[in-house]
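What follows is a short report on a single structure.
The values are calculated or read from the model by the stated rules, or taken from the named source; none is laboratory data. It should be emphasised that the depicted structure is a prediction, and the values quoted were computed from it without experimental measurement. Every residue, glycine among them, receives a Cβ derived from its backbone with ideal geometry; neighbour counts consider all protein chains shown. These area figures cover heavy atoms from the full protein model, side chains too; ligands, DNA and RNA do not enter into them. Shrake-Rupley method; radii C 1.70, N 1.55, O 1.52, S 1.80 Å.
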Amino acid sequence: MESDQSAKKLWVLGTGGTIAATAASASDNIGYTAAQVGVATLVNALPGLQSVLLGHELCSEQVAQVDSKDMSFDIWLALAKRVAHHLAQADVSGVVITHGTDTLEETAYFLQAVLPPELILAKPVVLTCAMRPASALNPDGPQNLMDSVAVALTPGAHGVVAVCAGTVHAALEVQKTHTYKLDAFTSGDAGPLAYVEEGSVRLLRNWPLALMDKALVDIKDIATIVAWPRVEIVMNYAGGSAGVVDALLQPCPGVAALRGLVVAGTGNGTLHHDLEAALRRAQQAGVKVVRTTRCATGRVLATAHSEFADSEGLSPVKARIALMLALMSSGF
Ligand code: SIN
């Protein structure tokens, strides 16, 4: 990738979500259909955009149009390819992605893990979203999109981040923790990366580093994989049993064999003894098991006799992605 001080383009890639949703009534903030409005329309509707563009040309591309609860591996791959393509152009300063809030943290982590480190150490990828539909009386999407443009054009910005309600979160930590409030995301113990105030970014800590020296799996290699390794998530709770894990291990017509299990344990990843025994059997049968916690904040701290790998601070949904990518890189 060539570096170019006169970079002049900012790409906004649309994937759908509530930011692109419409409802029958402007007073309805929840009874909407996600992924209805094209990204070009969202961008063109922004008042005062020129004030944050700093002379950049804003270009848009619709990569997908989905409610993010329906996010798929195919869309992730298409998105990663388009982001990598745009970032590699010398005249591009960064990429903004409009996305549903529901799985935004998973897409952010996936992109941070698979995009070539030399690209995301040089330029930003900013995911943004909305909790209210575009048709709402007082939608939050336009401000979030404006803030994302400001973040993407901040000198020195790099890595994959998320912007919502004036707050910038790093891909590694961002988590949706509220079902309704406009400020629906947190970075947990790490705290936010920055705030956006009237188009200015107030940085609280460093921009994210790449997760590793090289992407865990090359996007080109992911593209050759016909079916991604199947990794499921199970949870510990009062009265837990071996039943779910034992059922997941059973062959099922038309469903790929299980390759990995992420368990969201109680507290410091603790497990009901029946569930633990079932996970031990799964591991002995060749299924990779990763222990996480169902607590919204904090991380599993390994104990002297841990039988299962821990997620190194990743939430259950991000640990699942990390395990899928690790399985891909080992040829699963
Ligand atoms: C979605 O995740 O696509 C719908 C919900 C939202 O964006 O808030």
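Brief remarks on what is shown
- From the largest down, the range 270-326 spans 27, 24, 18 angstrom on the principal axes of its Cα atoms.
- Using only Cα coordinates, the Kirkwood hydrodynamic radius of the chain works out to 20.6 Å.
- Karplus-derived 3J(HN,Hα), 6.51/-1.76/1.60, for each residue of the range 24-36, Hz, glycine and proline x: 5, 10, 5, 8, 9, 9, 10, x, 10, 10, 6, 6, 10
- Difference of contour (0.36 nm per residue) and Cα-Cα distance, His178 to Val226: 13.8 nm
- Relative packing of 93-100, 73-80, 108-115, 294-301, which averages over residues the other C-beta atoms within 10 Å, highest first: 93-100, 108-115, 73-80, 294-301
- Cα-Cα pairs of the range 140-190 separated by more than 17 Å (percent): 35 percent
- Rounded FRET efficiency, nearest 0.05, which uses the C-beta distance separating Leu137 from Asp213 and R0 of 35 Å: 0.10
- Applying the Karplus relation 6.51 cos²θ - 1.76 cosθ + 1.60 with θ = phi - 60° to the range 127-141 yields 3J(HN,Hα) values of 8, 9, 6, 7, 9, 10, x, 4, 7, 5, 4, 9, x, 9, x Hz, where x marks Gly and Pro.
- Taking label positions 7 Å along the Cα-Cβ direction at both Ala257 and Glu198, the computed distance is 6.3 nm, reported to one decimal.
- Amide H contacts of Ala194: Val168, Leu204, each under 5 Å away and 5 or more positions distant or on a separate chain (H built 1.01 Å from N in the peptide plane; Pro and chain starts excluded).
- Residues Asp147, Asp70 ordered from highest to lowest accessible area at a 1.4 Å probe: Asp70, Asp147.
- Order by protection proxy (mean Cβ within 10 Å, highest first), peptides 56-68, 127-139, 10-22, 210-222: 10-22, 127-139, 56-68, 210-222
- Note on the range 60-215: Cα-only Rg and Dmax are 14.3, 46 Å.
- Over the chain: helical MRE at 222 nm, DSSP H runs n ≥ 4 each giving -39500 (n - 2.57), nearest 500: -8000 deg cm²/dmol
- A dipole drawn for the chain from +1 and -1 charges on Cβ atoms has a positive end, and of Val114, Ser148, Gly31 the residue lying farthest that way is Val114.
- For the chain, a simple Cβ point-charge model (Lys and Arg +1, Asp and Glu -1, everything else neutral) yields a dipole of about 400 debye relative to the Cα centre.
- Environment charge of Gly100, counting only residues whose C-beta is closer than 14 Å and scoring Lys/Arg +1, Asp/Glu -1: -3
- Here the range 182-223 is scanned for amide nitrogen atoms under 11 Å from the site 7 Å beyond the Cα of Thr297 along Cα-to-Cβ, giving 186-192.
- Distances between placed amide hydrogens fall under 5 Å for Val12 paired with Cys59, Ser60, Glu61, Val96, all partners being 5 or more residues away or on another chain.
- What the phi angles of the range 65-79 give under the Karplus curve with 6.51, -1.76 and 1.60, with θ = phi - 60°, is a coupling list of 8, 9, 6, 5, 5, 9, 4, 10, 5, 4, 5, 4, 5, 4, 5 Hz, glycine and proline written as x.
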